[in-house]
Amino acid sequence: MKGKGSAFKYGDNVDTDVIIPARYLNTSVHSELAKHCMEDIDADFAKNVKEGDIIVGEKNFGCGSSREHAPIAIKASGVSCVIAKSFARIFYRNSINIGLPILECPEACDNIESGDEVEVNFDTGKIKNLTKNMEFQGEAFPEFMQELIAAGGLAAYIKNKGDK
Amino acid sequence: MGMTMSQKLLAKKAGLKSVRAGQLIMADVDLVLGNDITAPVAIKEFDKFGKTDVFNKEKIALVPDHFAPNKDIKAAEQCNCMRQFARKNEITNYFEVGQMGVEHALLPEQGLVTAGDLIIGADSHTCTYGALGAFSTGVGSTDMACGMATGQAWFKVPTAIKFNLTNKFNKNVGGKDLILHIIGMIGVDGALYESMEFSGPGVKNLTIDDRFTVANMAIEAGGKNGIFPVDDIALEYLKAHGAKEPTIFEADSDAEYEKVYDIDLSTIKSTVSFPHLPENAKTFDQFDKINIHQVVIGSCTNGRLSDLRKAANILKGHKISSNVRCIVLPATQQIWKDAMHEGLFDIFIDAGCAVSTPTCGPCLGGHMGILAEGERAVSTTNRNFVGRMGHVKSEVYLAGPEVAAASAITGFITDPNTIEEN
Ligand code: SF4
């Protein structure tokens, strides 16, 4: 599986309150959440993001609340992958559980700027910055997490297993 | 190699003799928690499993506390979604408005948590119950759904940081100052993926409420859980609240820790975390006068009876500044009643505070005290992220109840030791 698109670059500690502010948590409709994704740090994100685009953060991406609405909002925006130096643990769990690919790769984060064309191979963890012609090796997912993401998340994964 | 307290508990719940850091395990959970924000998402996921029943209707807790009493139509619909699910599945521990309180104060109070429990909650501050020697951690809605269906959750066994506490607090200093100090020291990702294990002779000098406050904010250092040893103080609390029989886990003497910090509690000073991260912790010798517009006393961090007592003790005989709105939110109905009978409400209301029914309310910028552009609040809550309590250009300063009450009186962030006692 691959993801390809333009990068949206942010800094350290992007928290779930800015990914999807609490004032919009009175709904859980995915498309509604996507409309307000990243609004408090990047008011134009929802307008500019295209299918396949990639979010790149620095350290502790997704810190703060356990709201699954945060990775849902990102996924529903069309984002194919989030790359960061490190992820906050609940965000990490939630992303895997809902089938949003996320990769840790400090080197890539240092060498990707907003607007760069980036391609990510989820199976191998390889990240290419096509604009700068650079390549990085992120940590590939353990097998069970790959299966989870391929199934489209934990719910589908458990159901598939139960059906077998 | 020895195991930490958290590791031993996880091994037991996974049915394994031992576990090591980094290992992926499936474990049985004792309680699955959700609230009016996270449960509706989990309920949708739950329906996808195609299962008709929850794994155990007594081991699920559903608390409408965030936007309840319903702040608007959408919130009303979310609460209703949870209510209908609770009815249909005969969930024993569903707490309707009138019984509900802020979840992390409510569950221990209702005796739903005991030492040795493994608890997941679709709320990041689920880590609070570590104060009672449980392994409890925040998860997302999908994990909650899976937990409700199967009674299990996957975990990556964490490494741990040990905080060795000695001595005791000075006057007007408490659990909140300690945890803000620790987060200031190690940073908001200082304990990322790790357990924060508290130990040492100083533990006995922390009240159970101090421990709740400290464990509550483990997540603000990125921690997976925060956990305290189970001593007489914890056992007494469990007994008084009718909790199940406790199981006590102790760290092995040769357990490995990533880091060990020694903290002398008598050196901790009143601490305030500046916007927009809990790690921006400062003491009063490190900043000048900062005017404020609002004070919030409440939340799962500091909305318990002892917190209200500390605030009332400072506010007694004083009036709050005419530039400030001070909002007091007792965390549960029981706390509300106790505070009322003790006469704390007389003190608050005579001082000019508003006293609210239990709710998360302003803590997450929901309702009951939203900030306008440019406004500043001192709050006993746990997060001061951009826009957390309202407008993106508003600011939240985190502090304990003593600092919050003192600041309400003067209108600027104030050291409680400078307020005259009545
Ligand atoms: S009081 Fe605040 S931090 Fe605690 S559960 Fe409610 S919203 Fe979350």
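Values as computed for the structure displayed
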| item | result |
| --- | --- |
| The stretch B:272-418 - share of DSSP beta bridges that are antiparallel (%, nearest 5) | 20 percent |
| Per-peptide average of other Cβ atoms within 10 Å, ordering B:315-322, B:241-248 highest first | B:315-322, B:241-248 |
| For A:Lys126, residues with placed amide H under 5 Å, excluding near neighbours | A:Asn121, A:Gly138 |
| Reciprocal of mean inverse Cα separation for the protein assembly as shown (Kirkwood radius, Å) | 23.8 Å |
| Antiparallel bridge percentage (DSSP; both residues within the protein assembly as shown; nearest 5) | 30 percent |
| Cα gyration tensor shape for the stretch B:1-91, rounded if a/c is under 1.5, else prolate or oblate | prolate |
| For chain B: rounded, prolate or oblate by the Cα gyration tensor [a/c cutoff 1.5] | oblate |
| Cut-off 15 Å between beta-carbons: net charge of the residues surrounding B:Glu373, Lys and Arg +1, Asp and Glu -1 | +1 |
| Computed E for A:Asn48/B:Asp285 - FRET, C-beta separation, R0 51 angstrom, nearest 0.05 | 0.65 |
| Shielding of B:382-394 by partner chains, average beta-carbon count, 10 Å | 4 |
| Sparse-neighbourhood loop sites, GluC sites (Glu not before Pro) in the stretch B:189-250 - DSSP loop, at most 14 other Cβ within 10 angstrom | B:Glu250 |
| Proximal charge balance of B:Trp336 [Cβ under 15 Å; K/R count +1, D/E count -1] | -3 |
| Built amide H within the under 5 Å cut-off of A:Gly5, gap 5+ | A:Val118 |
| Mean-position separation - Cα centroids, the stretch B:197-242 and the stretch B:1-49, in angstrom | 20 Å |
| Average partner coverage of A:47-60, which counts Cβ from other chains inside 10 Å | 1 |
| Exposed GluC sites (Glu not before Pro) absent - longest run of chain A, DSSP non-H/G/I/E/B, at most 14 other C-beta within 10 Å | A:52-112 |
| Amide H contacts under 5 Å for B:Tyr94, placed H, 5+ residues apart | B:Leu62 |
| Filtered chymotrypsin sites (Phe, Trp or Tyr not before Pro), the stretch B:1-93: DSSP coil and at most 14 other beta carbons within 10 Å | none |
| All lysines inside 26 Å of A:Lys126 as judged from Cα atoms, apart from same-chain residues fewer than 8 positions distant | A:Lys2, A:Lys4, A:Lys9, A:Lys50, A:Lys59, A:Lys75, A:Lys85, B:Lys156 |
| Accessible area per residue in Å² at 1.4 Å probe, computed on the protein assembly as shown | 36 Å² |
| Antiparallel bridges, percent of DSSP beta bridges restricted to the stretch B:5-264 (to nearest 5) | 15 percent |
| Trypsin sites (Lys or Arg not before Pro) within the stretch B:127-186: DSSP coil, no more than 13 neighbouring Cβ in 10 Å | B:Lys171 |
| Protein heavy-atom accessible area occluded, A/B pair - total, 1.4 Å probe, Å² | 3500 Å² |
| Accessible carbon and sulfur surface of the protein assembly as shown relative to its total accessible area, %, 1.4 Å | 48 percent |
| In order through the stretch A:118-132: 3J(HN,Hα) via Karplus (6.51 cos²θ - 1.76 cosθ + 1.60), integer Hz, x for Gly, Pro | 10, 10, 10, 9, 6, 6, 9, x, 6, 10, 10, 9, 5, 5, 9 |
| Segment B:Asp254-B:Glu77, length gained on full extension (0.36 nm per residue, minus Cα span) | 58.5 nm |
| Per-residue mean of C-beta atoms belonging to partner chains within 10 Å, peptide A:85-98 | 6 |
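The values are calculated or read from the model by the stated rules, or taken from the named source; none is laboratory data. Note that this is a predicted model, so its numbers are computed, not measured. Please note: Cβ atoms are built from the backbone with ideal geometry, for glycine as well, and neighbour counts cover all protein chains shown. These accessible areas exclude ligands, DNA and RNA; they are computed on the full protein's heavy atoms, side chains included. Shrake-Rupley method; radii C 1.70, N 1.55, O 1.52, S 1.80 Å.
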